[in-house]
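> This is the structure I want to talk about, given as structure tokens.
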Amino acid sequence: MSEKAGAAVLRQLRFVVASWKADTRTDAVLLDRFARTRDEAAFATLVGRHGELVWGVCLRVLRNPADAEDALQATFLRLARDARRVANKEALAGWLFRAARDCAVDLRRSIGRQRRIEERAADVARRAAADAAAGDLLRVLIDDELARLPRTERAVLVLCCLEGRTYAEAALELGCSVAAVHRRFVRAQ
């Protein structure tokens, strides 16, 4: 599956930038030309030369052709944006390798973060549905967030927000200063 999808992506890339094989200029010359004049042909040649490298890195990190396509695009967008900042233009392949890996790792983290958020929301929704007597979804979410706080910060929020006590009353109850209550309250928020 991934080999076929990868081959299709590379075929599309090569079709779009078919003229890259005829261009004999070095990567440094092409990158400099693109950075100075935004020459699309120079950029297309760079994409054609290095597309397979970038694709391979992205696919190895992400193991999903659709995600690898996104990372490939992000890598070349980064090149277009940062072309002037590439320090060693002769070592563009190394720069692209690192940029592709960074883009793929960032995307993998983002996907993982999104999955965790979705799983947590689904878990909260299941618990809310199962415990109809506990109230609405917002209460379940608030309880869930309160449970994740450290004990001292949770105590301050419960006293001040849920029980309506002042900082002074909470400080007396917790045996600490009003300033400490305020700091804990701000951190907890």
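The values are calculated or read from the model by the stated rules, or taken from the named source; none is laboratory data. Note that the coordinates shown come from a computational prediction; the quantities given were computed from them, not determined experimentally. Backbone-built Cβ (ideal geometry, glycine too); neighbour counts: all protein chains shown. The protein model used for the area step is the full one, side chains on, heavy atoms only, and it has no ligands, DNA or RNA in it. Shrake-Rupley method; radii C 1.70, N 1.55, O 1.52, S 1.80 Å.
> Go through region 78-94 and count every residue that is in a helix (DSSP H, G or I), without any contact (Cβ under 8 Å) to a residue 60 or more places away in the chain and touching a Leu at 6+ places or on another chain (Cβ under 8 Å).
Within region 78-94, residues that are in a helix (DSSP H, G or I), without any contact (Cβ under 8 Å) to a residue 60 or more places away in the chain and touching a Leu at 6+ places or on another chain (Cβ under 8 Å) number 2.
Residue-by-condition table, conditions (1) at pLDDT below 85; (2) within 30 Å of ALA74 (Cα to Cα); (3) part of a helix (DSSP H, G or I):
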position	(1), (2), (3)
ILE117	no, yes, yes
ALA147	yes, no, yes
THR152	no, no, yes
CYS161	yes, no, yes
HIS182	yes, no, yes
VAL186	yes, no, yes
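> Of the residues ARG187, ARG154, ARG139, ARG81, which single one is surrounded by fewer than 17 Cβ atoms within 10 Å (Cβ to Cβ) and under 30 Å from LEU53 (Cβ atoms)?
ARG81 is the lone residue from the list that is surrounded by fewer than 17 Cβ atoms within 10 Å (Cβ to Cβ) and under 30 Å from LEU53 (Cβ atoms).
> Among the residues that make up region 97-109, is at least one of them outside any helix (DSSP H, G or I) and either of a type outside the set (A, V, I, L, M) or more than 14 Å from the chain's Cα centre (by Cα) (or both)?
No - not one qualifying residue is present in region 97-109.
For (1) open to solvent by 10 Å² or more (accessible area, probe 1.4 Å); (2) outside any helix (DSSP H, G or I); (3) touching a residue at least 60 places away in the same chain (Cβ under 8 Å), each residue gets a yes or a no:
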position: ALA35; (1), (2), (3): no, no, no
position: ALA42; (1), (2), (3): no, no, no
position: VAL47; (1), (2), (3): yes, no, no
position: LEU53; (1), (2), (3): yes, no, no
position: GLU69; (1), (2), (3): yes, no, yes
position: LEU72; (1), (2), (3): yes, no, yes
position: PHE76; (1), (2), (3): yes, no, no
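> Starting from residues that are under 18 Å from ASP32 (Cα atoms) and among the basic types (Lys, Arg), keep the ones in region 84-116 and report whichever is surrounded by the most Cβ atoms within 10 Å (Cβ to Cβ).
The residue in question is LYS89.
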